[in-house]
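K.L.:
I have a structure I would like to understand better, so I am pasting it below and will then ask my questions one at a time.
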Amino acid sequence: MGRLFAVEVVYRGIFQKTLSKRITRAIVLAAHKEGKPGISFGRYGDSPERNGIPAKAFAIVATDDITLEEGMAKYEPKEVDVSICVDDTLCKGVESWAWYGLQPINRLTKPNGTLIVTSREEPEALVAMCHRKETPYKLAIVKAIPSYSGLWVFKDDHTDVRILGALSKILPELFSLNSVQQVILEDSNNPLKATSAARSYERVTTVTVPPNQGNPEVPYQFVLPKWHEMRDGISIPAIAQGHQMEDPITHKTGGFQPARNPTFKKFTTRTMRPVVNFDTCIKCELCWLQCPDSCFDVTPEGLYDANMAACCGCGVCEAVCPVANCVTMVSEIAFDDNASQWEMWRKDKEGYGKWLQGKIEHRSERSHGFRYRGQYQEQVPEMLGIAEKA
């Protein structure tokens, strides 16, 4: 039996579908240049693939046809040599909404395998978000703004070729830099993209993450009933009606907090989350009315608290709010929990004000979803500059 190589790409559904497809396709073609057969395919947990929901694509390569056939007999690999994460906010964990629970980003990464992340963050910040693993693994960062290539179009900022260049350095047994550059030139006829791959190859480094580093929390999980435990007929248990909220200071009850499905999590969908300035809220109800996922809880005094376990980060609340900076979308990396902002505000309004200012002071532009025609074209020169310099 020969050697089998497995690479996974974890991406945001729809937004990064084309990007992930290009990466896995190029992996197979580059390996083929060196006589290794392979196959690439997508795998996502719910159908149809949805906006922002974590999904995966795989590239399986072998040193011979028989070994490849053996690898293809599995629904998906049980472990991979390299995990590629094309959105650093996914380092917090992956929930595909397919009844798996939260999966650590490094769950399939082999012992001493490598996790490649596109990010502008430093290793320490990403390691803190990744769940701890029982065995050591390596972390490599391709310095880049997460690229949202779209379903039908490819917004080319060299993310794919820079990842491929880094991969040829990290796993040279899979393919060489020369092989992947040949594929890039045949596919794009763009020497600058081949140069970007070479620069990524030269500059990528890895850090070893030992088992005692990372997020120590146990990811939430649940057990589905066995077939013999299910009830007769087709039925879905109803969700409870909900309850009033309680003020943490006065203990007064009021407002309304709807009950939510405990196994239907949406927060891993978001790359940004809303931060609410309760002092400037005019209680217009627009965020509550327009939120497509009904994630706002009504507080006893009639304010609106975004429930962070239910929020998918779409940004509609920011868009409809009539008060400047009352609702502000902030990068998900800036947070380490899903705690209630309203409760934090009620307990310490002055402290919350400083916390709020710190979150929005250096916020980046919304990470996906361009708000006016031509906005992407304005960002292309900056993206290509990053690709050339980094």
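K.L.:
Quick one: among Leu289, Leu19, Leu68, which has the greatest mean-square fluctuation in a GNM of the chain with alpha-carbon springs under 10 angstrom?
P.N.:
Taking springs between Cα atoms under 10 Å, the residue moving most is Leu289.
K.L.:
Evaluate the relative contact order of region 187-317 (contact order divided by residue number), counting alpha-carbon pairs under 8 angstrom at least 6 apart; express in whole percent.
P.N.:
Working: 133 pairs, mean separation 28.5, N = 131.
Reported relative contact order: 22 percent.
K.L.:
So what is the relative contact order of region 1-160, in percent, for Cα pairs below 8 Å that sit 6 or more residues apart? Please list the in-between numbers first.
P.N.:
Details: 347 pairs, mean separation 42.5, N = 160.
Computed value for region 1-160: 27 percent relative contact order.
K.L.:
Something else now. For the chain, set up a Gaussian network in which alpha carbons nearer than 10 Å are linked by springs, and say which option among Ile27, Ile249, Ile141 fluctuates the most.
P.N.:
Answer for the Gaussian network model of the chain: Ile249.
K.L.:
Just list whichever of Lys133/Lys359; Lys33/Lys92; Lys36/Lys133; Lys33/Lys193 have alpha carbons separated by over 28 Å in the model shown. If you can, show how the numbers build up before the last one.
P.N.:
On the way: Lys133/Lys359 30 Å; Lys33/Lys92 36 Å; Lys36/Lys133 31 Å; Lys33/Lys193 18 Å.
The pairs that break the limit, which is 28 Å between Cα atoms, are Lys133/Lys359; Lys33/Lys92; Lys36/Lys133.
K.L.:
Which whole-number percent is the relative contact order of the chain (Cα, under 8 Å, 6+ apart)?
P.N.:
On the way: 770 pairs, mean separation 56.4, N = 390.
Answer for the chain is 14 percent.
K.L.:
Moving to a separate point now. Which parts of region 261-305 would a label at Ala238 reach, counting a residue when its backbone N lies under 12 Å from a point 7 Å out along Cα-to-Cβ?
P.N.:
none
K.L.:
Now, a different point. Evaluate the distance, in nm, between pseudo-label points positioned 7 Å from the Cα of Ala73 and of Asp348 along their respective Cα→Cβ axes.
P.N.:
Calculated label separation equals 5.9 nm.
K.L.:
Go ahead and set up a Gaussian network model of the chain, Cα springs under 10 Å, then flag whichever of Ala73, Ala59, Ala128 fluctuates most.
P.N.:
Sorting by GNM fluctuation, first place goes to Ala73.
K.L.:
What share of the DSSP beta bridges in the chain is antiparallel, in percent to the nearest 5? Numbers along the way, then the final one.
P.N.:
Details: 32 of 48 bridges.
Percent antiparallel among DSSP bridges in the chain is about 65.
K.L.:
Within straight cross-link reach of Lys354, meaning Cα distance under 24 Å, which lysines are found once same-chain residues fewer than 8 apart are removed?
P.N.:
Lys283
K.L.:
Looking at the chain, identify the longest residue range that excludes and avoids all trypsin sites (Lys or Arg not before Pro) in DSSP loops having at most 14 other Cβ atoms within 10 Å.
P.N.:
The segment 79-225 is the longest one with no such site.
K.L.:
Straight-line reach from Lys110: which aspartates and glutamates have Cα under 19 Å away, leaving out those fewer than 8 places along the same chain?
P.N.:
Leaving aside aspartates and glutamates fewer than 8 places away in the same chain, those within reach of Lys110 are Glu8, Glu70, Glu76, Glu79, Asp81, Glu134, Glu173.
K.L.:
Next up: Going by Cβ distance under 4.7 Å, what cysteines of the chain have no possible disulfide partner?
P.N.:
Cys85, Cys91, Cys130, Cys281, Cys284, Cys291, Cys312, Cys314, Cys321, Cys326, each lacking another Cys Cβ under 4.7 Å.
K.L.:
Once the other residues with Cβ under 15 Å from the Cβ of His251 are scored (Lys, Arg +1; Asp, Glu -1), what is the net sum?
P.N.:
Details: positive: Lys252, Arg346, Lys347; negative: Glu246, Asp247, Glu301, Glu343.
Residues close to His251 contribute a combined charge of -1.
K.L.:
Same structure again: At 222 nm, what value in deg cm²/dmol follows for the chain if DSSP H runs of at least 4 each add -39500 (n - 2.57) and the sum is divided by all its residues, to the nearest 500?
P.N.:
Details: 11 runs with 114 residues, N = 390.
Result for the chain: -8500 deg cm²/dmol, rounded to the nearest 500.
Readers should treat all values here as calculations from the given coordinates under stated rules, not as data from a laboratory. Please read all numbers here as calculations on a predicted model, not as lab measurements. Please note: Cβ atoms are built from the backbone with ideal geometry, for glycine as well, and neighbour counts cover all protein chains shown.
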